[in-house]
Amino acid sequence: MPASRLGPLAAALLLGLLLLGLPPVRSDTETQKAGVCPELQGDLNCTEECVSDRDCADNLKCCRAGCVAVCVLPNEKPGSCPQLSSGFLPLGFCHDLCQVDSQCPGQKKCCLNGCGNAYCATPHF
C-alpha cells in the first residue's frame, strides 16, 4: 500500500473511534491528586459521581467502593504537621482525636500531639 494512502486511512480509523464515543486516553499523572482514598462503604444505588480525580473539585479525590465512585476528602491532605517543642504540649486531651487527615475539618491534618496520640492541627505549607 503506498504511503499516501496511510494518512486518509488512519484519519478514517480515528474518526470511527471518535464516533463510537470512546473516552479520550488520559495520563494517570494528569488525573491523580495527592492523598489516599478513605475506606468507603459500598452503596446499593451504585452512585457514579466521578470517573477520575479530574472530575472532583479542589483537593477531593474520586474514590471507589464496589460499584460506588464518589468525590471525597483524601486521608492525606497537603502540608506538613507542625513541629512540637519539647517543653510545650498542645492543649487538648491525651488520647486520639483522629486517625487520618480526612477526619479533620477543612485543611487541618491529623498530627501527633505531645502525648504520642493524634489531634487535628493546622498544617505548614
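Of all the numbered requirements in (1) open to solvent by 50 Å² or more (accessible area, probe 1.4 Å); (2) out of contact with any strand residue (DSSP E or B) (no Cβ under 7 Å at 6 or more places or on another chain); (3) modelled with pLDDT under 70, D43 misses one, and that requirement is (2). Tally up the residues in the range 94-113 that are out of contact with any Pro (no Cβ under 6 Å at 6 or more places or on another chain), touching a residue at least 24 places away in the same chain (Cβ under 8 Å) and in a loop (DSSP other than H, G, I, E, B), please. Number of matching residues: 4. Take the residues in the range 61-80 that are in a loop (DSSP other than H, G, I, E, B) and either of a type in the set (D, E, K, R) or open to solvent by less than 50 Å² (accessible area, probe 1.4 Å) (or both), then tell me which one is farthest from Y119 (Cα to Cα). Taking the candidates together, the pick is P74.
The values are calculated or read from the model by the stated rules, or taken from the named source; none is laboratory data. Just so you know, these numbers come straight off a predicted model, no measurement behind them. We place every Cβ from the backbone using ideal geometry, glycine too, and count neighbours over all the protein chains shown. Ligands, DNA and RNA are excluded from the accessible area calculation, which covers all protein heavy atoms including side chains. Shrake-Rupley method; radii C 1.70, N 1.55, O 1.52, S 1.80 Å.
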